[in-house]
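For reference, the structure discussed in these notes is given below.
The values are calculated or read from the model by the stated rules, or taken from the named source; none is laboratory data. From a predicted model like this one, the values you see are computed outputs, not experimental measurements. For neighbour counting, all protein chains shown are included, and Cβ atoms are generated from backbone atoms with ideal geometry for every residue, glycine included. These accessible areas exclude ligands, DNA and RNA; they are computed on the full protein's heavy atoms, side chains included. Shrake-Rupley method; radii C 1.70, N 1.55, O 1.52, S 1.80 Å.
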Amino acid sequence: MEFGIRNVIFIVLFLAAMGFLGENIHRLISYLKIAKPEDKTNRIFDRIKKTFNVAFFQSKILRDPIAGPIHAGIFWGFLVLMFSAANSIFEGFGVRHFFDFMGPVWSFITLSTDIFIPVVMIALLWAAHRRFIQKEKRLQVEGEAGEAALILGMIFTIVASLMLENAANIKMGIDAENALRPIASFIAGFISADAAPYIHEAGFWLHIGVIMAFMNFLPYSKHLHVYTSIPNVFISSIEYPNKLEKMNFEDETLTKYGVVDIDDLNWKSLMDGYSCTHCGRCTSVCPANLTGKQLDPREIIVQTRERTFDIGDILVKKQKYGEDVELSDLEQEKLNKAFVGEYQNIDAIWQCTTCGACMQECPVAIEHVPAIVGMRRNLAMMEANFSPELQTTFSNLETNSTPWAFSSAERADWAEGLDVPTAADKSDFDILFWVGCAGSYDDRAKKISVAFSKLMQKAGINFAILGTEEACNGDVARRAGNEYLANMLITMNMETLTRYDVKKIVTICPHCFNTFKNEYTDFGANFEVVHHTEFLNQLIKDGKLNLKADSKMDIAYHDSCYLGRYNDIYDEPRNVITSVPGLNIIEPERSHDRGLCCGAGGGQMFMEETEGKRVNIERTEELLSTGASTIASNCPFCMTMISDGVKTKDKDEEVRVLDIAEILLEHVE
């Protein structure tokens, strides 16, 4: 062990750097305590599994075939280089080659380090090329070029200085005996014996000095995600995406509904702000943004962080000393700014289709949609700040239990002459067919209800419908922020379903399916929920439907967001189609979990698009470009949007838009 003035200088700098970093981490944690608490300790092993898959194995990053390998190379390189950084710290304390005791393991680590240094350097140069020369669109954010260049330069300096330090150590003969560094050994051949000590010293101080500067710069930069991304993945939802918080309207202490400011968000949402990499993957797949609207999912998260940093200290002070604590004029001015309105664009908030594409692509498991819906709750229930179309929809839901102005007495008219029993008339049914509002009232969607009912009858299924006792499941109201109305509808439905002791529900609507399966459980539901494409697929497997061959037909299949991304159901609908001899699926450019939204979710079905290109036109054009003669959907909302798109493109005489059930019915004996 060697100790001298060099070590004293290092220790002073190291302790100062760690103290400053500790203070910043404490500050960031104190901001999280402002937000609403939420338990993130359930299903620990599932969380660990997700963390390894998403964070360490970079599964989401690698979805991008170009940017993925770049970032993965840098990330994995950093993990390996952590041992070298730790080794440099021990050297600063006077202990050279601390990890020698690891023997062959250290040999493997040093070899890996030697390989990853050039990998990281190449990845950094590639990243710089994409940002500054190629000018990748999603990376061009105003005011961030300088910081990006600084970060890339600091990382490059860290790894380059380490390589020079290792090469100098080899030249001086002071490298660890069990170290394996073929690349550094090659570079050492170009270093003179006289220059080696100076290169070693410069490499050491540059390497460890830039690391200390880098680690303290991160809390003030968009690269804070270096610290928070892995924990953010760990605490992310492991249930279904876009889980919405159930509100307790019987709580008399509630003075506001929804997200008014950052203290109304849960602490995961504030961590999302810390963890955003500003990479723009979310925005690049957002259907609203792609069609020229104001919504920018990245900006939603960035502004959450901006607001947190602007008023975090003020809210911590109020939390510590009470609401009556005296604030300066500047502090009060900051606090008086409206989070929803001045930081968050209200028009953009209402443009979200809740499709979940942003969350699917985010490499650090940021949850955009629940935050957006939280802000909608504030706008809908406290400020009544929503479109006239939504006002009509809310009124219809409250009066008729359906988004449209139809009487509940007409809800079962579609089934006339089909011998479809109601639960009131047939109490011994096995399966409840939940028709949904679209399947009950929309003229086009009624045909889906008829087709599915006929298929169940052909298969001998003992089913019933609720008929006039059915009410909207509440999805439209929930996603549009009117949680009070949704709660009323859910309570009404739960009373009906409980009264009939329903054990299994099958529905043609992914929105009904998702709501019953994933959200009614918060309200005491305990029944099985199946989408009709899953149900039909099982009927075919069980041989309960006799299929007939047809001439070859090409079908473009459209994935519903609420069936696909929300519930990971992609194969079953496709299996139903391909089970019929002669039917062939042609996938559009964006399909499966990369599929593009039809534009109807999140209440958009009942709102007018007043800006940019219509989302359904964008999706329809993509489906038509396959050249298929038929477009298949699995959702009544998607059916409406795509059918309208086909008509708009004057292709309705050439291309049919059919539900999976309708296609199957055409091919059943």
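Accessible-area rank, largest first, for 116, 132: 132, 116, with all protein chains present and a 1.4 angstrom probe. In terms of the mean number of neighbouring beta-carbon atoms within 10 Å, the peptides 122-131, 468-477 order highest first as 468-477, 122-131. Taking 20 °C and 1.002 mPa s as conditions, segment 491-637 diffuses translationally at an estimated 126 µm²/s according to Stokes-Einstein applied to its Kirkwood radius (Cα pairs).
What's the carbon and sulfur percent of the chain's accessible surface, probe 1.4 angstrom, rounded to a whole number? If you can, show how the numbers build up before the last one.
Details: 15980 of 28420 Å².
Using a 1.4 Å probe with all protein chains present, the chain comes out at 56 percent carbon and sulfur.
For the chain, the share of DSSP beta bridges that are antiparallel, to the nearest 5, is 5%. For residue 384 and residue 336, FRET efficiency with R0 = 25 Å and r from the beta-carbon atoms, rounded to 0.05? The calculated FRET efficiency here is 0.70. Of the three principal axes defined by the Cα atoms of segment 178-223, the extents in descending order read 41, 22, 19 Å.
With 17 Å as the cut-off, how large is the P(r) tail for segment 94-169, expressed as percent of Cα-Cα pairs?
Details: 1628 of 2850 pairs.
So the pairs more than 17 Å apart make up 57 percent of the total in segment 94-169.
A protection proxy built from the mean count of other Cβ atoms within 10 Å ranks the segments 394-405, 145-156, most packed first, as 394-405, 145-156.
Estimated translational diffusion coefficient (Stokes-Einstein, Kirkwood radius over Cα pairs, 10 °C, 1.306 mPa s) of segment 402-549: 101 µm² per second.
Here the chain is treated as an ellipsoid with the same Cα gyration tensor; its semi-axes, largest first and in whole Å, are 54, 30, 22.
For segment 250-329, with every protein chain kept in place, what is the accessible area per residue (1.4 Å probe, Å²)? Before the final figure, lay out the partial values.
Working: 3510 Å² over 80 residues.
Computed with neighbouring chains in place, this is 44 Å² per residue.
Based on the alpha carbons, how large is the Rg to Rh ratio for segment 340-388 when Rh follows Kirkwood? All intermediate terms of the calculation are to be shown ahead of the outcome.
Values: Rg = 11.7 Å, Rh = 11.6 Å.
A ratio of 1.01.
Backbone N atoms of segment 507-537 closer than 15 Å to the 7 Å Cα→Cβ label point of residue 578 belong to residues 537. In the chain, helices alone account for a calculated mean residue ellipticity at 222 nm of -15500 deg cm²/dmol, with every DSSP H run of four or more residues adding -39,500 (n - 2.57).
Using unit Cβ charges (K, R positive; D, E negative) and no other charged atoms, how large, in debye to the nearest 20, is the dipole of segment 570-663 about its Cα centre?
Values: 10 positive and 18 negative charges, 15 e Å.
Dipole size: approximately 80 debye.
Take each peptide in 320-330, 520-530, 271-281, 202-212, count the other Cβ atoms within 10 Å of every residue, and average; sorted highest first, the result is 271-281, 202-212, 520-530, 320-330. In whole angstrom, segment 1-124 maps to an equivalent ellipsoid with semi-axes of 31, 25, 15, each derived as √(5λ) from the alpha carbon gyration tensor and ordered largest first. Across segment 637-665, the residues whose backbone nitrogen lies under 18 Å from the label position 7 Å along the beta-carbon direction of residue 613 are 641-651.
Would you mind computing the Rg to Rh ratio of segment 103-249 from its alpha-carbon coordinates, Kirkwood style for Rh? Intermediate results must be reported in sequence, preceding the final value.
Values: Rg = 20.4 Å, Rh = 18.2 Å.
For segment 103-249, the value is 1.12.
In this view, the solvent-accessible surface of residue 617, computed with a 1.4 Å probe and all protein chains in place, comes to about 20 Å².
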